[in-house]
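**Q** Provided herewith is a single structure, encoded as structure tokens, for subsequent inquiry.
Please treat every number below as a calculation from the coordinates, not as lab data. What you see is a predicted model; the values in this text were computed from it and never measured. Glycine gets a Cβ as well: all are built from the backbone with ideal geometry, and neighbour counts include every protein chain shown.
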2 protein chains.
Amino acid sequence: MDKTRFCNLYPILLLLLIHTPVFSGQLSKIVIAHRGASGYLPEHTLAAKALAHGMGAHYIEQDVVLSKDGQPIVLHDIYLQAVTNVAEIFPERARIDNKYYAIDFDLAEIKQLKVTGRSDVEKDSIVDAKRFPPHQSTFQIPTLSEEIELIQGLNHSTGKPIGLYVEVKEPAWHQQHGKDISRVVLKTLSDYGYTKSEDLVYVQCFDPSETRRMREVLKTDLKLVQLIGYKNPNSAIDYEQMILSSGLKLIAGYADGIGPSIQHIVKNIQQDGQPILSSLVQDAHKLNLKVHPYTLRTDRLPPRVINF
Amino acid sequence: MDKTRFCNLYPILLLLLIHTPVFSGQLSKIVIAHRGASGYLPEHTLAAKALAHGMGAHYIEQDVVLSKDGQPIVLHDIYLQAVTNVAEIFPERARIDNKYYAIDFDLAEIKQLKVTGRSDVEKDSIVDAKRFPPHQSTFQIPTLSEEIELIQGLNHSTGKPIGLYVEVKEPAWHQQHGKDISRVVLKTLSDYGYTKSEDLVYVQCFDPSETRRMREVLKTDLKLVQLIGYKNPNSAIDYEQMILSSGLKLIAGYADGIGPSIQHIVKNIQQDGQPILSSLVQDAHKLNLKVHPYTLRTDRLPPRVINF
């Protein structure tokens with residue numbers, strides 16, 4: 001009922017929809033456009049979101065960070081240099097670690113930047129040569145409002161009810177800078193009519209205390225997804241604990257689903273190409289948690305994983 | 001072999017493709033996205049072009065006018081007020097007729113404007129309530145270069161060879177202002193690799209002397225389409241003459257096809273719903289002229305015309 005896909009909208013994944021009663025009641029599988037149609041256009045641009053809408057995604061993802069003046073913008077990293085020309089436009093504005101943090105720039109400054117395909121800043125190269133070529137055409141970083149208006153407008157003109165899939169990025173980082181990102185995100189969603197659990201939006205976060213806070217302190221009724229990552233030396237979050245039955249039970253107390261890595265589900269590939277699965281999907285389903293794994297890319301999947 | 005469709009990419013028209021050997025040699029019918037996917041997003045925005053690419057158009061249309069500093073921009077009218085907030089941003093810059101002409105603004109000024117759905121300026125209303133709502137999200141007027149880079153980039157990332165369909169707008173108007181728009185358009189196309197008749201671009205113009213000039217004086221080898229409109233009291237162009245056999249013969253001397261109105265082809269609808277056709281398509285085909293009629297909108301077609 002609720003195994004779901006998080007993908008870059010590579011065409012083969014859309015085949016999943018063939019067996020799916022699209023737009024009629026509960027979907028057994030959904031396609032979430034990861035940063036928009038980011039396999040084909042620079043991630044998190046309005047053009048990439050428009051393309052994702054046209055390609056048949058059920059939900060379109062927004063990563064959200066705040067600008068210096070507190071505006072929610074759609075950007076994957078808390079810094080700007082991996083997808084924009086910030087180093088060229090504001091060369092003096094890097095911090096000591098040579099990164100240009102979005103939280104150090106007002107929205108009007110961020111709007112001066114051109115977005116390009118994600119590059120490996122150390123190597124000064126595009127991540128994937130098959131993708132949209134670097135530094136072509138003109139794209140901007142959208143605000144969360146601009147993106148919601150795009151999707152709601154397309155929903156109106158096409159008649160397709162496509163949802164939002166919003167990630168609250170690095171709440172502790174924002175808190176250190178005196179900003180309550182979850183409150184800003186939930187307020188923006190509320191301003192655009194997203195207030196109830198049945199509304200077409202999921203809100204996700206890697207930080208379990210923040211996901212829980214959205215439910216218990218900020219009292220949102222929206223569907224929440226607990227993202228599950230990997231152990232990071234800079235973080236106290238214990239994701240290994242989270243995927244045990246006891247951890248999932250805790251999550252089920254405040255969230256509607258989990259967003260594990262696909263590697264949390266596919267543990268290995270057998271000689272005959274069939275995947276060896278963990279029990280995570282079953283364990284989560286027993287607790288009525290939806291499972292929305294990230295990230296399915298046809299150019300990165302192990303052979304035959306698409307069939308499992 | 002060459003009856004073709006000019007459309008707003010309403011879904012039903014894409015059904016035409018089912019019988020078509022898409023992307024393999026000559027297409028018997030093609031879909032040209034009229035101002036992009038302009039049924040769903042504000043016309044001539046990069047998002048509308050990205051969506052058109054994703055929806056399966058074979059060609060994507062660009063109307064081109066020049067800015068004061070001679071930059072080719074993608075805009076349907078020679079003025080700005082029907083699709084932008086120019087009256088709000090530059091209230092003092094209208095001419096005596098209360099219109100804000102693109103040719104009076106430098107590109108940097110034009111880039112400050114927000115594009116919205118086409119409105120009826122007299123009535124201050126959106127043309128079609130089913131379309132993308134007015135004044136939502138943020139869109140800019142693209143340059144021709146930005147649009148070509150978008151389409152070429154998408155061709156690269158998707159592997160689909162989608163073409164350009166460029167209209168040179170109002171060459172006499174540009175000439176009055178000391179600008180040779182055809183030369184600028186052909187130079188821009190050449191800069192992006194479009195120089196030969198087999199390249200994936202059509203260039204169209206309503207002014208027959210200009211279409212002819214592109215072939216005979218500017219010596220382009222690109223495919224040319226003579227657009228055919230209706231008698232206009234401000235113009236000496238005789239379109240009635242043009243659709244006679246003698247007129248078509250003249251066109252066949254310099255162009256590869258004609259772009260008549262759909263009303264030039266469908267003269268009436270019979271009681272049983274079948275269309276009564278003029279001989280224009282047959283007459284043009286006898287001269288090896290392609291026929292690319294404008295504009296097919298599912299919300300404006302007479303009943304059953306789609307079947308003819």
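**Q** Under the Kirkwood approximation applied to all pairs of distinct alpha-carbon atoms, what is the hydrodynamic radius of the range A:115-256 in Å?
**A** Computed over Cα pairs of the range A:115-256, the Kirkwood hydrodynamic radius comes out at 17.5 Å.
**Q** How about the range A:140-240: which chymotrypsin sites (Phe, Trp or Tyr not before Pro) there are in a DSSP loop, with at most 15 other Cβ atoms within 10 Å of their Cβ?
**A** In loop regions of the range A:140-240 (DSSP not H, G, I, E or B), the sparsely surrounded chymotrypsin sites (Phe, Trp or Tyr not before Pro) are A:TYR230.
**Q** What FRET efficiency comes out for the pair B:GLN175/A:THR298, r = Cβ-Cβ distance, R0 = 56 Å, nearest 0.05?
**A** Computed FRET efficiency for B:GLN175 and A:THR298: 0.65.
**Q** With charges set only on the Cβ (+1 for Lys and Arg, -1 for Asp and Glu), what does the dipole of the protein assembly as shown come to about its Cα centre, in debye to the nearest 20? Present the calculation step by step, with values, prior to reporting the outcome.
**A** Details: 68 positive and 70 negative charges, 304 e Å.
Taking the Cα centre of the protein assembly as shown as origin, the dipole is about 1460 debye.
**Q** Are there any trypsin sites (Lys or Arg not before Pro) in the range B:42-116 that are in a DSSP loop and have at most 12 other Cβ atoms within 10 Å? List them by number.
**A** Sites meeting the loop and neighbour criteria: B:ARG95.
**Q** Sorted from fewest to most neighbouring beta carbons within 10 Å, what does the list A:HIS53, A:HIS264 look like?
**A** Fewest-to-most ranking of A:HIS53, A:HIS264: A:HIS264, A:HIS53.
**Q** More than 16 angstrom separation, counting every C-alpha pair in the range B:131-191; what % is that?
**A** Result for the distance tail: 61 percent.
**Q** Then there's this: If you average over every viewing direction, what projected area does the convex hull of the Cα atoms of the range A:30-167 give, in nm²? Don't skip to the end; give the middle numbers.
**A** Details: hull surface 33.2 nm².
Value for the range A:30-167: 8.3 nm².
**Q** With N set to the number of residues, divide the alpha-carbon radius of gyration of chain B by 2.2 N^0.38 Å and report two decimals.
**A** The reported ratio for this selection is 0.97.
**Q** State, to one decimal in nm, how far the label point of B:LEU244 lies from the label point of A:GLN241, with both points 7 Å from Cα in the Cβ direction.
**A** With each label placed 7 Å out from Cα toward Cβ, I get 9.0 nm.
**Q** How many nm separate the modelled label positions at A:LEU277 and A:TYR192, each set 7 Å beyond the Cα in the direction of the Cβ?
**A** 3.3
**Q** Within the range A:178-308, what percent of beta bridges assigned by DSSP are antiparallel, to the nearest 5?
**A** Bridges in the range A:178-308 are about 25 percent antiparallel.
**Q** Moving on to the next point. Considering only B:ASN268, B:VAL115, A:ILE32, whose Cα is most displaced toward the positive end of the charge dipole of the protein assembly as shown, charges sitting on Cβ of Lys, Arg (+1) and Asp, Glu (-1)?
**A** Comparing the listed Cα positions along the dipole, B:ASN268 ranks first.
**Q** Moving on. Could you list B:ASP199, A:ASP63, A:ASP272 in order of exposure, starting from the residue whose Cβ has the fewest other Cβ atoms within 10 Å? All intermediate terms of the calculation are to be shown ahead of the outcome.
**A** Numbers: B:ASP199 17, A:ASP63 22, A:ASP272 6.
Starting with the residue having the fewest Cβ neighbours, the order is A:ASP272, B:ASP199, A:ASP63.
**Q** Looking at the square roots a ≥ b ≥ c of the eigenvalues of the Cα gyration tensor of the range A:94-185, which shape do they give, rounded for a/c under 1.5, prolate if a/b is larger than b/c, or oblate? Please list the in-between numbers first.
**A** Details: a/c = 2.03, a/b = 1.13, b/c = 1.79.
It is oblate, given that a/c is not under 1.5 and a/b is not larger than b/c.
**Q** Can you give the FRET efficiency for A:ASN232 and B:ALA87, using 1/(1 + (r/R0)^6), R0 = 56 Å, r = Cβ-Cβ distance, to the nearest 0.05?
**A** Calculated value: 0.60.
**Q** Need one value for A:39-50: mean number of C-beta atoms belonging to other chains within 10 Å of its residues' C-beta atoms.
**A** Details: counts 2, 10, 10, 1, 0, 0, 3, 8, 14, 2, 4, 16.
Other-chain Cβ atoms within 10 Å of each residue's Cβ, averaged: 6.
**Q** Can you give me the long-range amide H partners of B:GLN226? Hydrogens built in the peptide plane at 1.01 Å from N, cutoff under 5 Å, separation of 5 or more residues or another chain.
**A** Correct list: B:ASP256, B:GLY257, B:ILE258, B:GLY259.
**Q** A further question on this structure: Per DSSP H run of at least 4 residues, take -39500 (n - 2.57); add these up for chain B, divide by its residues and hand me the 222 nm value, nearest 500 deg cm²/dmol.
**A** -7000 deg cm²/dmol
**Q** Place the label 7 angstrom along Cα→C-beta at B:GLU92 and in each other copy, then list the distances from the first to the rest in nm, shortest first.
**A** Those label-point separations list as 3.2 nm.
**Q** Determine by what factor the alpha-carbon radius of gyration of the protein assembly as shown differs from 2.2 N^0.38 Å, reporting the quotient. Kindly include the intermediate steps, with their values, before the conclusion.
**A** Numbers: Rg = 26.3 Å, N = 616, 2.2 N^0.38 = 25.3 Å.
Rounded to two decimals, the normalised Rg is 1.04.
**Q** Which residue, A:SER279, A:ILE228, A:GLY257, has the largest displacement toward the positive end of the dipole of the range A:192-290 when charges sit on each Cβ (Lys, Arg +1; Asp, Glu -1)?
**A** A:GLY257
**Q** Please list, in order along the range A:137-154, the HN-Hα scalar couplings obtained from phi with the Karplus expression 6.51 cos²θ - 1.76 cosθ + 1.60 (θ = phi - 60°), rounded to whole Hz, x for Gly and Pro.
**A** Once θ is set to phi - 60°, the couplings for the range A:137-154 become 6, 9, 9, 10, 7, x, 7, 4, 4, 4, 6, 4, 5, 4, 5, 5, x, 5 Hz.
**Q** Calculate the radius of gyration of the Cα atoms of the range B:70-113 to one decimal place, then report Dmax, the largest Cα-Cα distance, as a whole number, both in Å.
**A** 9.5, 25
**Q** Under a 5 Å amide H to amide H cut-off, with H placed in plane at 1.01 Å, what residues pair with B:LEU277 once short-range neighbours are removed?
**A** B:LYS267
**Q** Note the distances from B:ASP191 to each other copy's matching label point, with points 7 Å along the Cα-to-beta-carbon direction, in nm, sorted shortest first.
**A** The projected label point of B:ASP191 is separated from its counterparts by 3.8 nm.
**Q** Another question about this same structure. Taking the label point as lying 7 angstrom from Cα along the Cα-to-Cβ axis, what are the distances from A:ALA108 to the corresponding position in the remaining copies, in ascending order and in nanometres?
**A** When each copy's label point is compared with this one, the spacings are 1.7 nm.
**Q** Moving on. Taking every eigenvalue of the Cα gyration tensor of the range B:175-308, multiplying by 5 and rooting it, what semi-axes result, largest first, whole Å?
**A** Rounded to whole Å, the semi-axes are 29, 17, 15.
**Q** With 10 angstrom as the radius, rank A:SER246, B:SER157 by how many other C-beta atoms surround their C-beta, starting from the fewest. Could the numbers behind the result be given before it?
**A** Values: A:SER246 9, B:SER157 20.
Arranged by neighbour count, lowest to highest, A:SER246, B:SER157 become A:SER246, B:SER157.
**Q** Which far-off residues, 5 or more places away or on another chain, put their amide H under 5 Å from the one on A:GLY163, with H placed in the peptide plane?
**A** A:TYR59, A:ILE60
**Q** Select from the range A:97-197 those GluC sites (Glu not before Pro) which occupy a DSSP coil region and have at most 12 other Cβ atoms within 10 Å, ordered by residue number.
**A** A:GLU122
**Q** What's the extension gain from B:ILE269 to B:ASN155 if we count 0.36 nm per residue and subtract their Cα-Cα distance?
**A** Numbers: separation 114, 0.36 × 114 = 41.04 nm, distance 3.95 nm.
That pair, B:ILE269 and B:ASN155, stretches by 37.1 nm at full extension.
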